[in-house]
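The values are calculated or read from the model by the stated rules, or taken from the named source; none is laboratory data. Everything numeric in this text was worked out from a predicted model, so none of it was measured. Here the Cβ is made from the backbone with ideal geometry for all residues, glycine too, and neighbour counts use every protein chain on show.
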Amino acid sequence: MIQPMNSPLRFDVLSLFPRTVDSFVGESILGKASDRGLIEVSSHDLRDWAKGKHREADDRPFGGGAGMVLKPEPLFDAVEELSRPQSTVIYMAPDGDPFTTQMAKELSTSQHLVLISGHYEGIDQRVRDELVDREVSIGDYVLTNGSLAAAVMIDAVSRHLPGVLGDDESLLDESFEDDLLGCPQYTRPAEFRGIKVPEVLLSGNHEDIARWRHEQRVQKTRSLRPDLSTNTQTIRN
Ligand code: ADE
C-alpha cells in the first residue's frame with residue numbers, strides 16, 4: 001500500500017521585514033526542504049493588513065516613551081485570517097521562554113506555526129494576552145529585527161523533521177542531544193602543520209571511536225557547560 005505523504009510543517013511569519021525570512025529560508029538545507037515539500041514557509045508583510053492611507057502597522061506607545069509598538073488591528077486580522085484550529089501562534093520576544101533543542105523537537109511535531117516577529121518596542125499587549133499561545137526568546141539580547149528570531153526558530157525546528165537533514169544520523173552526536181555538547185570533529189588531512197588527528201579516529205574501530213567521542217562530549221560539557229547535564233557523571237564503558 002502506498003503510504004500517504006506527511007503534510008509539510010507550515011510556517012507563516014508576520015513581520016514588517018518579510019524579506020529577511022524569505023532570503024534565509026530559500027538557501028541551503030531549508031531551501032531543499034521546501035523544494036521537497038517537507039516544510040512550507042510563507043512570510044507576510046504586516047502592512048498588508050494595515051488600514052488607512054499610509055498602511056501603518058505601528059504607532060507610538062500610550063503613556064509616552066521611546067520607539068514604536070505594533071498595532072493590534074493588523075495583527076488580529078492577520079492571525080485570524082492565517083490560523084486554523086490546529087495552529088500554534090508564537091510571539092518571538094526577548095522576554096519569552098528560552099528556546100531550546102527540546103522546544104525545537106516538540107514544535108517539529110506541530111502542523112502549523114504562526115510566528116509573530118516584533119520590532120522596536122514590541123507589540124500591543126492585547127495581542128499577547130488574547131492571540132498568542134507561546135512567547136519564545138532566542139537569547140538574552142534584543143534584536144532590531146525580530147524576523148531573525150523567526151528565521152532561527154524555523155531553522156532549528158525544521159532540522160528535526162524526518163528527511164530534512166540528508167543523513168538522519170547527523171542529529172545523534174551533536175550538541176545538546178542527551179544534554180551534552182558535541183564532540184571535536186576532524187577531516188583530511190590526517191596531519192596538518194604537524195598537528196595530528198587523534199589516532200583512534202583513524203583506527204577504523206567503531207566501538208573505540210564511539211567511546212572516545214562520548215568521553216570527549218562528557219569532558220567538554222563538564223568544563224564548558226556544567227549547568228547542562230547530569231550525564232557528565234557517567235562515562236560509558
Ligand atoms: N526579538 C527581539 N529580540 C528577540 C530575542 N532575543 N528573541 C526573540 N525575539 C526577539
Quiz item: Out of all the residues in the range 161-177, is one or more more than 24 Å from the chain's Cα centre (by Cα), closer than 25 Å to Lys105 by Cβ and surrounded by 18 or more Cβ atoms within 10 Å (Cβ to Cβ)?
Solution: no
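Here's the yes/no breakdown for (1) closer than 26 Å to Glu80 by Cα; (2) of a type in the set (Asp, Glu):
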{"residue": "Leu9", "(1), (2)": "yes, no"}
{"residue": "Lys32", "(1), (2)": "no, no"}
{"residue": "Asp48", "(1), (2)": "yes, yes"}
{"residue": "Asp58", "(1), (2)": "yes, yes"}
Quiz item: Looking at the range 193-202, is at least one residue within 18 Å of Pro98 (Cα to Cα), among the aliphatic types (A, V, I, L, M) and not in a helix (DSSP H, G or I)?
Solution: no
Self-check item: the range 99-123, subset more than 14 Å from the ligand (Cβ to nearest atom) and charged (D, E, K, R), residue surrounded by the fewest Cβ atoms within 10 Å (Cβ to Cβ)
Solution: Glu106
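Yes/no matrix, rows are residues, columns are (1) away from the ligand (no atom under 16 Å from the Cβ); (2) in contact (Cβ under 8 Å) with a residue 24 or more places away in the chain; (3) acidic (Asp, Glu):
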| site | (1), (2), (3) |
| --- | --- |
| Leu70 | no, yes, no |
| Phe76 | yes, yes, no |
| Met92 | no, yes, no |
| Asp97 | no, yes, yes |
| Gln125 | no, no, no |
| Val136 | no, yes, no |
| Leu148 | no, yes, no |
Quiz item: out of contact with any strand residue (DSSP E or B) (no Cβ under 7 Å at 6 or more places or on another chain) and either surrounded by 11 or more Cβ atoms within 10 Å (Cβ to Cβ) or part of a helix (DSSP H, G or I) (or both), is that true of Gly37?
Solution: yes
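To keep it simple, each residue is scored yes or no on (1) of a type in the set (Lys, Arg); (2) touching an Asp or Glu at 6+ places or on another chain (Cβ under 7 Å); (3) assigned by TED's automatic domain parsing to the domain that holds Leu46.
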site	(1), (2), (3)
Arg84	yes, no, yes
Val89	no, yes, yes
Pro98	no, no, yes
Ala104	no, no, yes
Leu107	no, no, yes
Gln111	no, no, yes
Gln125	no, no, yes
Asp129	no, no, yes
Gly146	no, no, yes
Exercise. Report yes if some residue within the range 73-90 is on the phi > 0 side of the Ramachandran plot and out of contact with any Lys or Arg (no Cβ under 7 Å at 6 or more places or on another chain); otherwise report no.
Key: no
Quiz item: Mind checking which residues of the range 150-187 are free of Cβ contacts under 8 Å to residues at least 40 places away in the same chain and acidic (Asp, Glu)?
Solution: Asp167, Asp168, Glu169, Glu174
Practice problem: Just need a number here: residues in the range 7-29 that are modelled with pLDDT under 95 and either surrounded by fewer than 13 Cβ atoms within 10 Å (Cβ to Cβ) or closer than 15 Å to Ala156 by Cα (or both). | Solution: 10
Quiz item: For the range 18-57, which residues satisfy the criterion of being in contact with a Leu (Cβ under 9 Å, 6 or more places away or on another chain), of a type in the set (A, V, I, L, M, F, W, C) and under 18 Å from Ser147 (Cβ atoms)?
Solution: Val21, Phe24, Ile39, Val41, Leu46, Trp49, Ala57
